[in-house]
Amino acid sequence: MRSKLEECYSIERLREAARSRLPRGVFDFYEGGAEDESTLNDNLQAFRRVRLLPRVLRNVAQVDVSTRLFGRSLGLPFAIAPTGAVGFGWRGGDIALARAAAAHDIPYTLSTSATASIEEIADQAPGRHWFQAYILQDKQRLNELIDRARVAGYEGLVITVDLPVGGKRERDLANGLGFPMKLTPRNIGQFMRKPFWSLDMLLRRPPIMPSLQGLAALKADKAGMKSVAGRNYDPSFDLAALQQLRDRWPGRLIVKGVVNPLDVDAIIGVGADALVVSNHGGRQLDTDIATLDALPGIVRAVDRRVPVLLDGGIRRGSDVFKAIALGASGVLTGRATLFGVLAGGYEGVDRALTILADELRRTMQLCGTPALSEIDHRVIAAMDCPPPGALASVQPDDFQ
Ligand SMILES: Cc1cc2nc3c(=O)[nH]c(=O)nc-3n(C[C@H](O)[C@H](O)[C@H](O)COP(=O)(O)O)c2cc1C
């Protein structure tokens, strides 16, 4: 496994390795997006559209990719984004992600739909943890999960706000794959082509999602058109309800899924400690704006009051560089590290983070910006950029 992973020199190679390990429908669940997947693709294309304008003759012998967030140091300007159901693709995958995050000195976010519990992560993968809460209709369960994250020492609570209802993911509909997993002639055929994966599921049984266990909405969705999280989510969730969560949670509150500058003041007013510009990796609202395109507007509206993070489409170190140049304090890795874990567990995530970090360092050297604090919109070409100084770029000591 190790030597195969060493041949994976890019996130795309890890993606291919993950794809060849898994039944088609299972891989499609992880990779796919909503409806025509135009937002999923545009998240990626937005990074390709932005071109760099490197500086030269600057001493780049030493490069520093460390930064600070919430008064603590980070080895890289990354955190691992919450991704549900990882254990169906790699048993123990949540713990592998959390351990690799700790090894790279970055935070790991545990999803409400994860296949490991809040305590398992705290016990088996000590590190800097955030818990991502979906706003469940079952408020008692939601409060219980939040309280357990506090007791387990989690630093952050991530509230995902771009999912009042579940997105329509048509790859899953075409593959007939849902939760709980049903056997259909189509997916039986797919499973038989991946005997190792199928035998593991058969002999050791599919993993569970401990935070959602027992909820009525986890039962089969007859129309089969909503994700598990979408079936459980309370669509009446609003600002007043966010305020209640703020009052309950003493740690850092991170609001994930913001793309419209009109929402910014209210969210900061409630007491959020950070915002994540995110469209859920294109899995929710198709034709939603690409996150890199949304970033400058959010950065301007935030006006340095709290850190702005970004996710969606990060597959290269240069993508991280561009997000920082346009005002992000850092990024969350979604599918990049997910493909890593699906390709090879802990070693695969380690490989994904190493690739992104190495590419980021190289981009910084080639752009003449040896520290993250030197990256700003002036190394970006031909963008509709505001005048110098109008965008906040990473200021490591700003966010104590
Ligand atoms: C398979 C999968 C599962 C996800 N599960 C969650 C989740 O449980 N909670 C959440 O807030 N976001 C979830 N997301 C969205 C990610 O946190 C993140 O926003 C997205 O993956 C970023 O886009 P990228 O994958 O292109 O990097 C999921 C994404 C994927 C691909």
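The values are calculated or read from the model by the stated rules, or taken from the named source; none is laboratory data. These numbers come from a predicted model, not from an experiment. Virtual Cβ from ideal backbone geometry, glycine too; neighbours counted across all protein chains shown. Surface areas here come from the heavy atoms of the whole protein model, side chains and all, with no ligands, DNA or RNA. Shrake-Rupley method; radii C 1.70, N 1.55, O 1.52, S 1.80 Å.
Here are some notes:
- Being open to solvent by 20 Å² or more (accessible area, probe 1.4 Å) and either within 13 Å of the chain's Cα centre (by Cα) or aliphatic (A, V, I, L, M) (or both) holds for only one residue in ALA114, ALA102, ALA85, and it is ALA102.
- Of all residues in the stretch 149-167, those that are within 19 Å of GLY71 (Cα to Cα) and part of a strand (DSSP E or B) have Cβ atoms under 7 Å from Cβ atoms of residues that are charged (D, E, K, R) and open to solvent by 50 Å² or more (accessible area, probe 1.4 Å), 6 or more apart or on another chain, in GLY156/ARG252.
- Subset tally (residues that are closer than 8 Å to PHE131 by Cβ and open to solvent by less than 10 Å² (accessible area, probe 1.4 Å)) for the stretch 146-160: 5
- If you filter the stretch 197-237 down to residues that are aromatic (Phe, Trp, Tyr) and open to solvent by less than 40 Å² (accessible area, probe 1.4 Å), you find that the one that is modelled with the lowest pLDDT is TYR233.
- Which numbered condition TRP130 fails, given (1) assigned to a strand (DSSP E or B); (2) in contact with a helix residue (DSSP H, G or I) (Cβ under 7 Å, 6 or more places away or on another chain): (2)
- Test for GLN284: is it within 16 Å of the ligand (Cβ to nearest atom) and at pLDDT 95 or above: yes
- The residue that is farthest from TYR9 (Cα to Cα), counting only those in the stretch 313-349 that are of a type in the set (Val, Ile, Thr), part of a helix (DSSP H, G or I) and within 15 Å of the ligand (Cβ to nearest atom), is VAL320.
- Look at (1) modelled with pLDDT under 95; (2) within 24 Å of GLY312 (Cα to Cα) and you find that GLN137 fails only one, number (2).
- Any hit, the stretch 356-364, residues being of a type in the set (D, E, K, R) and crowded, with 24+ Cβ neighbours inside 10 Å: no
- Listed by first and then second residue, the pairs linking a residue in the stretch 79-94 that is assigned to a helix (DSSP H, G or I) to a residue that is among the aromatic types (Phe, Trp, Tyr) and near the ligand (Cβ under 10 Å from one of its atoms), with Cβ atoms under 9 Å apart and 6 or more places separating them unless they lie on different chains, are VAL86/TYR30; PHE88/PHE29; PHE88/TYR30.
- The residues of the stretch 301-312 that are away from the ligand (no atom under 11 Å from the Cβ) and either open to solvent by 10 Å² or more (accessible area, probe 1.4 Å) or of a type in the set (A, V, I, L, M, F, W, C) (or both), listed by number, are ALA301, VAL302, ASP303, ARG304, ARG305, VAL306, VAL308.
- A Cβ distance below 7 Å, combined with a sequence gap of six or more or placement on separate chains, defines the contacts here; from the stretch 13-42, residues that are more than 28 Å from ASP200 (Cβ to Cβ) reach residues that are basic (Lys, Arg) and open to solvent by less than 50 Å² (accessible area, probe 1.4 Å) in the pairs ALA34/ARG169; ALA34/ARG283.
- Among the residues of the stretch 54-65, not a single one is in contact with a strand residue (DSSP E or B) (Cβ under 7 Å, 6 or more places away or on another chain) and under 21 Å from VAL277 (Cβ atoms).
- Checked against the criterion of being buried (at least 22 other Cβ atoms within 10 Å of the Cβ), of a type in the set (Asp, Glu) and at pLDDT 95 or above, the candidates ASP28, ASP36, ASP42 yield just one match: ASP42.
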